[in-house]
Amino acid sequence: MRIISGTFKGRRLTAPKKLPVRPTTDMAKEALFNILNNKVHFSGLSVLDLFSGTGNISYEFASRGSAPIVSVDGHVECVKFIKKTSDELEMNILAIKSDVYKYLEKSGAKADIIFADPPYDFTDEQFNNIAELVFEHDVLNENGMLIIEHSKHTDISSGRNFNEARRYGNSVFSFFYVS
């Protein structure tokens, strides 16, 4: 994986092969950040990266000046990799090992942008539950945005505060806004 833009533009990062992840492709990630370039100013933006895996999205936000960034994943080796990489690059990323649903229910966290990239084999109900918990527990700041990445076979457009979906190859980004 590579960092597309910002301070660490072009930097390649290699995650251990044993991690149970499906990182966002560079094409999809570039498309996502092109969309975000027209909607937000990255500097000082607080980010919550759920199901963060390798930390691919967290590094992209950090490279563009966003902070603080919290990366949450349930797999200990993913969390260790994110901590190691963010320490090496001196990025303001806090990696937390936790079940994402429990984290949303109990953490009291707040963020300007929440990015969630759960396993593509989740049910529509599991995907929609992420949005429900975010809005039920008031995790987004005012004018905040929730982005959920999922496969083209998943439809979460009926979810609370859904706004739009953008498809890039097999990946879809669904956008939800605080209403």
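Annotations for the structure displayed:
- Size of electric dipole in region 9-95: Cβ of Lys, Arg +1 and of Asp, Glu -1, about Cα centre, debye, nearest 20: 200
- Cα gyration tensor category, rounded, prolate or oblate, for the chain with a/c compared to 1.5: rounded
- Of the DSSP H helices in the chain, those whose Cα atoms cover at least 27 Å axially and whose Kyte score averages 0.5 or more: none
- Where Y120, Y59 fall by accessible area, highest first, once all protein chains stay in place (1.4 Å): Y120, Y59
- Shape call, region 5-71: gyration tensor on alpha carbons, a/c limit 1.5: prolate
- Look at the Cα gyration tensor of region 29-134: its axes a ≥ b ≥ c give a/c of at least 1.5 with a/b at or below b/c, and that counts as oblate.
- Under the convention that each Lys and Arg Cβ holds +1 and each Asp and Glu Cβ holds -1, the size of the dipole of region 1-160 around its Cα centre is about 720 debye.
- For region 1-72, the solvent-accessible area of protein heavy atoms averages 44 Å² per residue (probe radius 1.4 Å; ligands and nucleic acids excluded).
- Note on L45: accessible area approximately 20 square angstrom, rounded to 10, probe 1.4 Å, nucleic acids and ligands left out.
- Orientation-averaged projection of region 93-179 equals 5.7 nm² [convex hull of Cα atoms, one quarter of hull surface area].
- When you restrict to C-alpha pairs under 8 Å that are six or more residues apart and normalise by the size of region 107-179, the relative contact order lands at 33 percent.
- Pairs of Cα atoms nearer than 8 Å and 6+ residues apart set the relative contact order; for region 24-98 it is 28 percent.
- Of all accessible heavy-atom area on region 118-179, the percent that carbon and sulfur account for (1.4 Å): 40
- Full extension of the segment from M27 to S157, taken as 0.36 nm per residue of separation minus the current Cα-Cα distance, would add 44.5 nm.
- Relative contact order for the chain, counting Cα pairs under 8 Å that sit 6 or more residues apart, in percent: 17
The values are calculated or read from the model by the stated rules, or taken from the named source; none is laboratory data. Predicted model only: the values in this text are computed from it and were never measured. FYI the Cβ positions are ideal-geometry reconstructions off the backbone, even for glycines, and counts take in every protein chain you see. All accessible areas refer to the heavy atoms of the entire protein, side chains included, with ligands and DNA or RNA removed. Shrake-Rupley method; radii C 1.70, N 1.55, O 1.52, S 1.80 Å.
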